[in-house]
Structures are given as C-alpha cells and as structure tokens.
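To start, the structure under review is shown below, and the notes come after it.
The values are calculated or read from the model by the stated rules, or taken from the named source; none is laboratory data. Nothing here was measured: the structure is a model prediction, and the numbers come from that model. Using ideal geometry, Cβ is built from the backbone for each residue, glycine included, and neighbour counts are taken over all protein chains shown.
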Amino acid sequence: MHFDLPDLRLFVHVAEAHSMTGGAQRAHLSTASASTRMKTLEGQLGSRLFYRSSQGVETTPAGERLLRHARTILRQVEHVKTDFSGYAEGAAGHLRIFANTTAVSDFMPDVLAQFLASRPGVTIDLKERLTHDIMRGVLDGAADMGIVAGDVTSQGLQCVPFSRDRLVLVVPQGHDLAAKHQVAFHESLNYRHIGLHDGSTLMQFLKEQVQDLGQPLPLRIQVLGFESACRMIEAGVGIGILPASCAQRYRQTMDIRLIALQDTWAHRERSIVVREVDALPSCGQQLLDAIVNYPGFVEPGQLKAE
C-alpha cells in the first residue's frame with residue numbers, strides 16, 4: 001500500500017473544508033483533479049472516505065481514522081523539516097497549541113514573549129479550547145501540545161505537570177462575604193455572579209460544579225476576560241470565581257478581596273499534554289521546558305487570600 005504525501009494533504013484539506021471544491025482550492029487543484037485523486041485513495045485503501053451530498057462532503061468512520069493518521073504523518077514530516085533546516089539561522093519551526101482560558105489569558109503571553117524573542121524563526125498558533133477539545137485535538141494530531149488544569153484523563157497521551165493554582169472567590173470591598181477568610185462554593189450561589197464567556201474552560205467547569213449541586217449558576221453578566229470580570233466585581237456588579245494567580249495581580253490595582261474556597265476541586269494542577277515528548281520538534285521540546293521552568297508561577301500556599 002502506497003501513500004503520497006500530497007494526497008494525504010489534499011485529503012486533510014477536503015475533510016476540514018467539508019467540501020471537495022474547498023479542499024481543491026486550498027491545494028491549488030481543480031475540483032475534478034481533487035475528486036479523482038480522492039477516489040484513487042479510496043481504491044488504494046479499499047474503504048469509502050467521504051459521504052458525498054449536494055451540501056458537501058462528510059468523513060465516514062474510515063475517513064475519521066485516516067484523518068487522525070494523516071494529521072500525525074503531516075505534522076511529523078513538518079517536524080523533520082524543522083529539525084534538519086534553519087540551523088544556520090537559529091531555531092525555526094511552527095507549533096500549534098490548544099490551551100485553557102487561564103493559560104491563554106494569564107501566563108502564556110509572558111512565556112511566549114520570552115520564548116519567541118530569542119527565536120525569530122519560530123511561529124506559534126495558540127488557540128483557546130475547552131478541556132475535552134484540547135485532549136481530543138492533541139490525540140488526533142490537530143495540536144502539538146495542550147495546556148489543561150485539574151483532573152484529566154490522558155489515555156494515549158503523555159502528561160507533564162508544571163505548576164499548581166487554585167480558584168478563589170473574588171468580591172468587592174464591603175460585600176457581605178468580604179470579612180470571611182474562606183467559604184464553600186455553594187454559599188456564593190446566594191449572590192449574582194460575574195462569569196466568563198461560554199467558550200471558556202473555567203465557565204464550563206463551574207457549570208459542571210453547580211449541576212452537581214442541583215442549582216443554576218446565578219449569572220448577572222458574562223465577560224471576555226479576567227480583567228473585565230475583576231472590574232465588574234470592583235464596581236459591585238457581582239462576585240466571581242477566578243484563578244488566584246491572576247486575581248492576585250488585579251488585586252494590586254483594584255479594590256477587591258480574595259476569599260479561599262473550601263471545596264477540594266478549587267486546588268488544581270496544571271499540566272502539558274502531548275502525544276509523545278520525544279516526538280516533538282526541537283522548538284516544541286524547548287517550549288515545554290520554558291513552560292515548566294517559568295519563574296512567574298506561584299504555588300497556592302504562597303498566595304494569601306486575605
């Protein structure tokens with residue numbers, strides 16, 4: 001059985017575009033040529049790869065299996081090219097990272113600023129995703145690495161813990177709960193909450209917690225970032241659950257208080273997930289080391305919630 005890399009690349013384009021025409025355009029081919037090559041690939045495999053309709057194409061179960069393999073093969077080819085080129089000019093390569101809200105908004109901008117400043121040949125594609133999508137993306141080869149928090153099932157992946165953080169309740173000065181040193185999450189549900197957008201991992205996580213309690217999350221407004229949430233809280237619009245690492249920073253310039261949560265799930269371990277550390281390109285292994293050794297992380301025990 002013989003595979004041509006251009007055919008695998010074309011197959012990925014068609015699958016991701018859900019269109020033979022769209023995939024052909026990405027590969028700079030005519031639709032007729034792309035269709036012929038896909039039929040030839042199906043013949044080589046002895047399996048149907050696409051369901052075809054007037055609305056476009058969808059991958060069959062066999063197509064989904066091939067898509068996972070094709071993405072992995074193509075990424076590995078790019079890694080080989082990276083490792084054997086650009087030595088005269090320094091580090092080079094491209095990495096795609098799926099990460100949770102805290103990573104994208106809080107520490108990864110600082111990590112990447114330092115990392116990329118000394119590696120002009122490296123490019124990064126950082127995407128915010130829900131935990132399930134992060135794990136699936138890395139497993140399927142759509143991302144080189146993922147950054148998650150809390151308990152995760154990493155079957156088929158390597159998991160590299162790199163720091164710990166905790167969730168805290170953030171309230172404005174003078175709030176009913178402001179004098180407390182710690183509260184249970186369910187106590188906070190008596191007050192209106194400031195939440196992040198529905199696409200954030202933190203919002204998804206909190207909704208799961210209130211489902212376990214059999215209560216709704218009393219949202220007053222949802223915002224796009226941690227700073228916006230803290231400004232709303234400072235103004236007395238509501239209260240919120242935020243990572244202590246970023247809430248601590250905003251407390252320095254805003255009139256807010258941090259209160260420890262008694263719930264065990266409030267303490268979370270952060271981890272990097274990859275298919276295989278040794279299979280990462282050189283720049284990927286260097287970035288993993290940069291995250292693990294980032295000096296800006298503060299352990300939960302060092303954060304005083306007032």
- Query: List pairs: first in the stretch 279-295 and in the same structural domain as residue 121 (by TED's automatic domain parsing), second modelled with pLDDT of 90 or more and of a type in the set (Ser, Thr, Tyr), Cβ under 8 Å, 6+ apart or cross-chain?
  - Reply: 294/163
- Just one of 220, 249, 231 is in contact (Cβ under 8 Å) with a residue 24 or more places away in the chain and not assigned by TED's automatic domain parsing to the domain that holds residue 105; which is it? 220
- Message: Anything in the stretch 75-99 that is modelled with pLDDT of 90 or more and within 19 Å of residue 13 (Cβ to Cβ)? List them, or say none.
- Response: 96
- Out of the stretch 120-139, which residues are of a type in the set (Lys, Arg) and touching a residue at least 40 places away in the same chain (Cβ under 8 Å)? 129
- If we keep only residues of the stretch 119-129 that are of a type outside the set (Val, Ile, Thr), farther than 13 Å from residue 291 by Cβ and at pLDDT 90 or above, then the residue farthest from the chain's Cα centre (by Cα) is 125
- Message: Given the criterion out of contact with any His (no Cβ under 9 Å at 6 or more places or on another chain), over 17 Å from residue 104 (Cβ atoms), in contact (Cβ under 8 Å) with a residue 24 or more places away in the chain and surrounded by 16 or more Cβ atoms within 10 Å (Cβ to Cβ), identify the matching residue among 196, 202, 189.
- Response: 189
- Task: Keeping to the stretch 201-219, report how many residues are more than 17 Å from residue 266 (Cβ to Cβ) and either touching a strand residue (DSSP E or B) at 6+ places or on another chain (Cβ under 7 Å) or among the hydrophobic types (A, V, I, L, M, F, W, C) (or both).
- Result: 2
- When every residue in the stretch 142-165 that is crowded, with 20+ Cβ neighbours inside 10 Å and of a type outside the set (A, V, I, L, M, F, W, C) is compared, the one farthest from residue 71 (Cα to Cα) is 165
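This table checks each residue for (1) in the same structural domain as residue 274 (by TED's automatic domain parsing); (2) under 21 Å from residue 204 (Cα atoms); (3) assigned to a helix (DSSP H, G or I).
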site	(1), (2), (3)
94	yes, no, no
102	yes, yes, yes
106	yes, yes, yes
113	yes, no, yes
119	yes, no, no
135	yes, yes, yes
146	yes, yes, no
155	yes, no, no
170	no, yes, no
- Message: Against the definition (in contact with a Gly (Cβ under 8 Å, 6 or more places away or on another chain), assigned to a strand (DSSP E or B) and either of a type in the set (Phe, Trp, Tyr) or surrounded by 17 or more Cβ atoms within 10 Å (Cβ to Cβ) (or both)), how does residue 139 come out, yes or no?
- Response: no
- Task: Those residues that are within 16 Å of residue 21 (Cα to Cα) and either surrounded by 14 or more Cβ atoms within 10 Å (Cβ to Cβ) or not assigned by TED's automatic domain parsing to the domain that holds residue 19 (or both), I need them from the stretch 57-69; list them, please.
- Result: 57, 59
- Message: Being more than 24 Å from the chain's Cα centre (by Cα) and more than 17 Å from residue 239 (Cβ to Cβ) narrows it down to one residue among 176, 140, 212, 151; which is it?
- Response: 212
- Query: Among the numbered criteria (1) closer than 30 Å to residue 149 by Cβ; (2) at pLDDT 90 or above, which single criterion is violated by residue 102?
  - Reply: (2)
- Note on the structure: Residue set 33, 47, 19, 54; condition out of contact with any Phe, Trp or Tyr (no Cβ under 7 Å at 6 or more places or on another chain) and surrounded by 15 or more Cβ atoms within 10 Å (Cβ to Cβ); output residue 19
